[in-house]
Amino acid sequence: MFLLMKVSGIALDPFTNTPIVILKDTNNERTLPIWIGFMEASSIAMELEKTPRIRPITHDLVKNLLEKLKFAVTKIEVTDLRDDTFYARIYLKRDAEEYSLDSRPSDAIAIALRTDSPIFVNEEVIEKSKKIEIDEDKEKLNELLEKIPEGDFGKYKM
């Protein structure tokens, strides 16, 4: 099942200094962080803030091309998370023709924002993402625990 989500904002991962786009469902109950590149984060942020641009950047160019060719973006979907990589699809329509294109989620989101298209996320992706976050937190906790001198644990040895 797919959930309708919206871009809540852009954040910076404090551990890796990598940008993260934050998606939230329409009820603000479920959140999905997706790690993205700096250029894509900049493009998304510019569109969120409606920053005027003298010349089109890549995602603006894609939007302009689609409009000129009379294609409409009907939706984007974040479809999968495999090997720490998110996958997405952009759905296009022209007259009776429908197309589905493979895309990085960051590009799909940047285009969805520019075309006012809905963003959907497969619920399985949200569940898989939670497992990654838990595993990463466990690793960080283990690293911190290993750095604490043995005497500081008192009589409880780990």
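Derivation of every value follows stated rules applied to the coordinates shown; laboratory data play no part. Every value quoted in this text rests on a predicted model; they were computed, and no experiment measured them. Neighbour counts are summed over all protein chains in view; Cβ atoms, including those assigned to glycine, are modelled from backbone coordinates with ideal geometry.
Filter the chymotrypsin sites (Phe, Trp or Tyr not before Pro) in region 1-77 down to the DSSP loop ones having no more than 15 other Cβ atoms within 10 Å, then list what survives. Listed in order of number, the matching sites are F15.
Can you tell me the relative contact order of region 2-146? Whole percent, Cα pairs under 8 Å, sequence separation 6 or more. Don't skip to the answer; put the middle values down first.
Values: 228 pairs, mean separation 33.5, N = 145.
Computed value for region 2-146: 23 percent relative contact order.
Here the 3J(HN,Hα) profile of region 56-62, calculated from phi with Karplus coefficients 6.51, -1.76 and 1.60 at θ = phi - 60°, is x, 8, 3, 5, 5, 4, 4 Hz, Gly and Pro shown as x. Using the average count of surrounding beta-carbon atoms within 10 Å as a protection proxy, the listed peptides 87-94, 56-63 rank, highest first, as 87-94, 56-63. Let me confirm the definition first: pairs of Lys residues in region 2-146, 8 or more apart or on different chains, C-alpha distance under 21 Å. How many are there? Close lysine pairs under the 21 Å cut-off: 23. In order along region 21-33, the phi-based Karplus estimate (6.51 cos²θ - 1.76 cosθ + 1.60, θ = phi - 60°) of 3J(HN,Hα) comes to 8, 9, 9, 10, 6, 5, 9, 6, 9, 10, 10, 10, x Hz; Gly and Pro are listed as x. Inter-label distance, E123 to N27: 1.0 nm, where each label sits 7 Å from its Cα along the C-beta direction.
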